[in-house]
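Engineer: Okay, handing you the structure first.
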Amino acid sequence: MSALLQVEKLGKRFGGFVALEGIDLEVTAGERVGLIGPNGSGKSTLVNCITGALRNESGTVHFDGKRLDRLPAHSRTRLGLARSFQLPKPFHSMTVAENLHVPALYTVNARHGQHLSPAQIDARVDEVLTQVGLHEKANRRPRDLTQIEMRKLELARAMTAEPKLLIADEAMAGLSHSEVDDILALLLRLNAQGVTVIMIEHIMRAVTSFSQRLVVLVAGRKIADGAPEEVVRNPEVVKAYIGE
Amino acid sequence: MPYVPTRYFCLIVALVTIAIAFASRLATNDYFFFAGYVVLQYVVMATAWNILGGYTGYVNFGTAGFFAIGAYSAVVMHKLFEPPLIASIVVGGFMAGLVGLGMGYLTLRLRGVFFAIATLALAIVLQTLVTNWDFVGGARGVYIIRPETGPFGHPYIQYLFVLMLALSAVAICIARAIEHSKLGYGLATIRDDELAAEAAGVPTLRLKLIATVLSGALMGMAGAPLPYYVTYLDPSSGFNLAFAVNSIAMPLIGGTSSWLGPLIGAVLLATIQQIATVTISSALNLLIVGVIMVAFVTIAPNGILGLFERGVRARRRPAEKEAA
């Protein structure tokens, strides 16, 4: 099977600082990939380059057979690439349900040959809200949500876009043990429905139990890529995380 | 409040507009039309400003520039063809919309205060150009001889009043239609968080350009009748900073969240200014705006609409608690 996402020799610098260099990454359809690395290793920058929030200077990104490099972020979302943000970015002037109307209107309905009626959008939004357990809060504003509900809203908004690939950028940071399990179960359910998931995470327990494959970034380079149990024993990875 | 579909809303606005137009026939003094024209002009300006400033979150300080483009387009049209005023309004709107498109394209990568400064700079650049353009009178200004009567035989000022009334209705209908549309959702996401908007599939640049063009065009249309109203136009009055300050203050005082806010703010503030001009002094106008704005920023940052909504919620809350 050919790769759903293919990143080749991707490089990004901020002024003189090299944030990413020569990153190669392939993700097959249906896979669960964990992306880890110490703070400042370039994980979020990589996500931003893949999703179009930042432009990479060198290298290419292909998604579903199409080259993404020059496309603006919203076109990438429409192709089926959704993301959640590390710091939740809800549309704070809208209700929770309205937050989900946005990707339904602007992503799902912008795809060729698809058009949801207002009633279908309402049904779809209801369905996603039930799935993530935010149904009760549909008419609340984001400021009334707790931290975990905010993360769920972030994921729900990405899910409403009906993505092929979902990139969850630290969707669990700062959550309690049981809340982490909550989000994990949600992501596993999504994956079972056929959505490819890349998870960026610091919580090792979550990322190792979730991922079929782990990719490790350190200082803007990829230093390991393989089965989780092998990767966590890799001396270079251990050195990066714990020191010598 | 029950939701009224846009076409019924516009029908209601049209009926109210016609009613006001007929009711104004009762006015025995032409001063009423002179004052009413200014109030209505600010209804258009505040509503137009709010499309970009309130819905989209981009503060335009160059309002006077767009307004003056409309006014000077009308001057050019008048000198070249002496067309009916409605044609000049269309051309003024088109030119201001075009400048809106250009401004949007050049400055929309700027956010917040930087965008505001860029728009202010645009107005100054335009003023400098007009000041040095002899055809439209340059710094000396230009006299426009306005016809005695409008196309229906009424005094011309009454015609100007009715035109501005119609423009206000158009502006309010456009604003209201945007609010309850896909475009309105999109603009709100830009105001809330542009990165998240893009990630949700919103083509932010295109929507911002639609907002700058619409907002600019409406301002230009509001400015086009100005030369006929004042009969003498010079750059310092056409580009007067008071236009910019007022068009920002009015939506802020009324509330930026819906079409009603700019309307309330404009009617309230412009009327107070008109009364103050007659009863106290014309120099007091901006002082009044300043004081009211400071008061609102501290007491009611979400404007009159915000105060009202807070009141409704406070009254509802005890009822909710009882129900629970």
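Please treat every number below as a calculation from the coordinates, not as lab data. Remember, predicted model here, so these are calculated numbers, not experimental data. Note: ideal-geometry Cβ built from the backbone for every residue, glycine included; neighbour counts use all protein chains shown.
Engineer: Go through A:Asp169, A:Asp181 for me and flag whichever is away from every other protein chain (no Cβ under 14 Å) and within 20 Å of the chain's Cα centre (by Cα).
Structural biologist: Just a single option satisfies the conditions, and that option is A:Asp181.
Engineer: If I go through segment A:98-135 residue by residue, how many of them are away from chain B (no Cβ under 12 Å) and assigned to a helix (DSSP H, G or I)?
Structural biologist: Summing the residues that are away from chain B (no Cβ under 12 Å) and assigned to a helix (DSSP H, G or I) in segment A:98-135 gives 14.
Engineer: Within segment A:39-50, identify whether any single residue is of a type in the set (A, V, I, L, M, F, W, C) and over 24 Å from A:Ile183 (Cα atoms), and answer yes or no.
Structural biologist: Within segment A:39-50, one or more residues are of a type in the set (A, V, I, L, M, F, W, C) and over 24 Å from A:Ile183 (Cα atoms).
Engineer: Here's something else I'd like to know. Of all the residues that make up segment A:203-244, how many are among the small types (Gly, Ala, Ser) and in a strand (DSSP E or B)?
Structural biologist: Adding up the residues that qualify gives 2.
Engineer: Sticking with this structure for a sec: List the helices (runs of 4 or more DSSP H) that sit entirely inside segment B:160-275 and contain at least 2 residues that are in contact (Cβ under 8 Å) with a residue 60 or more places away in the chain and of a type outside the set (Phe, Trp, Tyr).
Structural biologist: B:182-192, B:204-223, B:226-230, B:235-238, B:241-254
Engineer: Further question on the same structure: Looking only at segment A:56-77, count how many residues are in contact (Cβ under 8 Å) with a residue 60 or more places away in the chain and buried (at least 20 other Cβ atoms within 10 Å of the Cβ).
Structural biologist: 2
Engineer: Right, something else. Being within 7 Å of chain B (Cβ to nearest Cβ) and either over 21 Å from A:Leu153 (Cβ atoms) or over 12 Å from the mean Cα position of the chain (by Cα) (or both) is the filter here; which residues of segment A:73-89 pass it?
Structural biologist: Scanning segment A:73-89 gives A:Ala73, A:His74, A:Arg78, A:Lys89.
Engineer: Mind counting the residues in segment A:164-185 that are in contact with a helix residue (DSSP H, G or I) (Cβ under 6 Å, 6 or more places away or on another chain) and part of a helix (DSSP H, G or I)?
Structural biologist: 3
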